[in-house]
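Asker: Here you go, one structure.
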């Protein structure tokens with residue numbers, strides 16, 4: 001869905017509203033990410049599909065007019081990956097790609113590992129502060 005479209009209430013509703021090739025590519029990326037995230041879940045957040053880990057946003061997916069996006073929600077991680085991950089086009093904390101050239105499994109593994117480590121560190125630090 002491009003910005004300005006009616007918001008979806010579920011991830012499947014969001015994906016069903018997209019052109020078939022874009023929906024299929026985002027589903028594949030979403031499914032691969034969910035397979036990599038222990039206890040991962042999904043929901044709509046900020047009007048786009050979001051994969052969660054430990055009930056925290058991990059990454060989001062979206063469609064724009066001329067590309068698909070994987071939103072890392074972590075500028076530091078995106079900067080670290082931008083120098084080595086070249087199968088996507090980087091813009092800030094977002095990886096852009098097309099339906100015919102989605103991110104590789106290796107790229108998704110790096111993104112997921114990095115984001116899980118960030119979420120774990122943040123939540124573990126909060127827990128330690130309460131003890």
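Computed from the coordinates by the stated procedures, all read-outs in this text should not be read as laboratory data. Only a predicted model underlies this, so the values are computations on that prediction, with no experimental measurement involved. Methodologically, a virtual Cβ is constructed for each residue, glycine included, from the backbone with ideal geometry; neighbour enumeration extends over all protein chains shown.
Asker: Given a Förster distance of 30 Å, report the FRET efficiency between residue 90 and residue 55 from their Cβ-Cβ distance, rounded to the nearest 0.05.
Answerer: It comes to 0.60.
Asker: Measure nothing fancy, just the Cα-based angle from helix 105-130's long axis to the longest principal axis of the chain, in degrees from 0 to 90, nearest 10.
Answerer: Between helix and principal axis, roughly 40 degrees.
Asker: Going by alpha carbons, how many degrees (0 to 90, nearest 10) lie between the helix axis of 20-36 and the longest principal axis of the chain?
Answerer: 20
Asker: State, to one decimal in nm, how far the label point of residue 66 lies from the label point of residue 28, with both points 7 Å from Cα in the Cβ direction.
Answerer: 2.3
Asker: Would you please state which residues of the stretch 36-62 a label at residue 80 would reach in this model, taking the label point 7 Å out along Cα→Cβ and a backbone N cut-off of under 19 Å?
Answerer: The answer is 36-38, 53-54, 56-60, whose backbone nitrogens lie closer than 19 Å to the label point.
Asker: Go ahead and estimate [θ] at 222 nm for the chain from helices alone: -39,500 (n - 2.57) per DSSP H run with n ≥ 4, summed, over the residue count, rounded to 500.
Answerer: For the chain, the value works out to -14000 deg cm²/dmol.
Asker: Then there's this: Grab the Cα-Cα distance for residue 98 and residue 122, subtract it from 0.36 nm times how many residues apart they are, and report the gain in nm with one decimal.
Answerer: On the way: separation 24, 0.36 × 24 = 8.64 nm, distance 3.21 nm.
That works out to 5.4 nm of additional length.
Asker: Note the listed values (i) 50, 34, 25; (ii) 37, 32, 27; (iii) 69, 42, 25, then indicate which one is Cα extents along the principal axes in Å calculated from this particular structure.
Answerer: Recomputing Cα extents along the principal axes in Å here gives the entry labelled (i).
Asker: Taking R0 as 30 Å, what FRET efficiency do you get between residue 21 and residue 130 from their Cβ-Cβ distance, rounded to the nearest 0.05?
Answerer: Between residue 21 and residue 130 the formula returns 0.05.
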